[in-house]
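J.: Submitted below is the structure of interest, expressed as structure tokens.
The values are calculated or read from the model by the stated rules, or taken from the named source; none is laboratory data. Keep in mind that what you see is a predicted model, and the values were worked out from it rather than measured. Note: ideal-geometry Cβ built from the backbone for every residue, glycine included; neighbour counts use all protein chains shown.
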Amino acid sequence: MHLDLGITTGNPVERGSWLFSLAEKKKLHGIWIGEDIDRLNDIFTVTSLPLLETTTPLVGIGITSPLIRNLSTLARAALALHELSPHRFRLGLGIGGLRDLEKKGIPLSNPTQILREAVSLLRRMWSKEKVTSRGLFPLNGYEVGGRAEIPIFFGVRGPRLLKLAGELADGVILSGPKSYVKTAVSLVKEGLEKRPQLPKVFTIVVWMPTLLILREEDLALARETVAVVSADVPEKVLEMSEIDRELVKTVRKAVLKDGVQQAAGLVTEELLKEFSVSGSASEVCGELRSFRENGVDEVVFGPPYGRDWKASVTALVDAWGSLL
């Protein structure tokens, strides 16, 4: 099992550069950049930095959505990132957060067809084909002018999309309650069985909020993080987990009515364990490694890491290395 580093575009560029340097120095397997839609930095610009500043870790976008990015622009941007450092870039695709789509006035229907069509068109464009499409993503003899085999990962959570990840993608990025992961992996594997020929490599990644609890303030941050995360979990994901759904609904209502800090007081130990990986460095490493039992290949550490994020990241990475 491999350890990857995670960061989002909502973080300052200076923080990213420090983390990328650490990932290179400590020989981490990969770096994933999550897109905080409409916050601070552009996903493609941020993703170019570790490709330019490091030489060994794999670098992935986890994730962006073809509903908020023009597909031809996405194809060209991905090709450019691939050319910065061939064979290190991985593209994560998903539908995007439902609240973000609502704010942008983007209607959502048939997400399975959206991703199926997006993947097909991207791969055709990356094969230097002149692509014409009259479907969800209209194109008229469009070509990107380059050729590349870019791995596509799905960042999805519902049953149909998880099966589709197994059918079409090169990997999947899972997030959600811990008790959900086992079910999610089994659905992905159902999709894999539908392929006429299994891919040479299919990678299952788990990315959960990760925090080292070094002091009382870290525990408060962990509860605030879980309040935010649990409030945004789709009902279908809750149904696939073993969590108390009424408890999650209570926290969700509190977030909307009273704010995150007030809702954090309702976060129980059960919710903390389900929606985050937290504790001492050794405890966090142990929890991350336990995902291997579910067939997970890579685990992503962070964010928010902890109040003292540099100390937290360093301690976690050192603890992981000492266990190898």
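This table checks each residue for (1) hydroxyl-bearing (Ser, Thr, Tyr); (2) outside the structural domain of residue 314 (by TED's automatic domain parsing); (3) modelled with pLDDT of 95 or more; (4) part of a helix (DSSP H, G or I).
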site	(1), (2), (3), (4)
11	no, no, no, no
59	no, no, yes, no
75	no, no, yes, yes
91	no, no, yes, no
106	no, no, no, no
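J.: May I pose another question? Going by the conditions given, is residue 134 farther than 27 Å from residue 36 by Cα, surrounded by fewer than 20 Cβ atoms within 10 Å (Cβ to Cβ) and out of contact with any strand residue (DSSP E or B) (no Cβ under 7 Å at 6 or more places or on another chain)?
T.: Judged against the criteria, residue 134 is a match.
J.: Continuing with the same structure: Given the conditions (1) on the phi < 0 side of the Ramachandran plot; (2) outside any helix (DSSP H, G or I), and given that residue 21 satisfies all but one, which numbered condition is not satisfied?
T.: For residue 21, the exception is condition (2).
J.: Among the residues that make up segment 26-39, is at least one of them in the same structural domain as residue 157 (by TED's automatic domain parsing), farther than 30 Å from residue 113 by Cα and in contact with a strand residue (DSSP E or B) (Cβ under 7 Å, 6 or more places away or on another chain)?
T.: Checked segment 26-39: at least one residue is in the same structural domain as residue 157 (by TED's automatic domain parsing), farther than 30 Å from residue 113 by Cα and in contact with a strand residue (DSSP E or B) (Cβ under 7 Å, 6 or more places away or on another chain).
J.: May I pose another question? Would you check if residue 315 is within 21 Å of residue 8 (Cα to Cα), surrounded by fewer than 19 Cβ atoms within 10 Å (Cβ to Cβ) and over 19 Å from the mean Cα position of the chain (by Cα)?
T.: no
J.: Would it be correct to say that residue 284 is assigned to a strand (DSSP E or B) and assigned by TED's automatic domain parsing to the domain that holds residue 180?
T.: no
J.: Sort out which residues of segment 153-176 are over 23 Å from residue 123 (Cα atoms) and either over 14 Å from the mean Cα position of the chain (by Cα) or surrounded by fewer than 18 Cβ atoms within 10 Å (Cβ to Cβ) (or both), and write them in order of number.
T.: Scanning segment 153-176 gives 158, 159.
J.: If you go through segment 22-42, how many residues are surrounded by fewer than 21 Cβ atoms within 10 Å (Cβ to Cβ) and in contact (Cβ under 8 Å) with a residue 12 or more places away in the chain?
T.: 12
J.: Sticking with this one: Do we find that residue 306 is in contact with a strand residue (DSSP E or B) (Cβ under 8 Å, 6 or more places away or on another chain), surrounded by fewer than 16 Cβ atoms within 10 Å (Cβ to Cβ) and at positive phi in this structure?
T.: The answer is no for residue 306.
J.: Which one of these does residue 150 not meet: (1) over 23 Å from residue 200 (Cα atoms); (2) hydrophobic (A, V, I, L, M, F, W, C); (3) surrounded by fewer than 20 Cβ atoms within 10 Å (Cβ to Cβ)?
T.: (1)
J.: Select from segment 232-251 the residues that are crowded, with 18+ Cβ neighbours inside 10 Å and either assigned by TED's automatic domain parsing to the domain that holds residue 308 or over 15 Å from residue 175 (Cα atoms) (or both) and list them in ascending order.
T.: Across segment 232-251, the qualifying residues are 248, 251.
J.: May I ask you to say which residue of 292, 307 is over 22 Å from residue 214 (Cβ atoms) and either in the same structural domain as residue 57 (by TED's automatic domain parsing) or in a loop (DSSP other than H, G, I, E, B) (or both)?
T.: 292
J.: In addition: Which ranges mark the helices (runs of 4 or more DSSP H) fully within segment 120-231 that have 3 or more residues being touching a residue at least 40 places away in the same chain (Cβ under 8 Å) and in the same structural domain as residue 244 (by TED's automatic domain parsing)?
T.: 216-231
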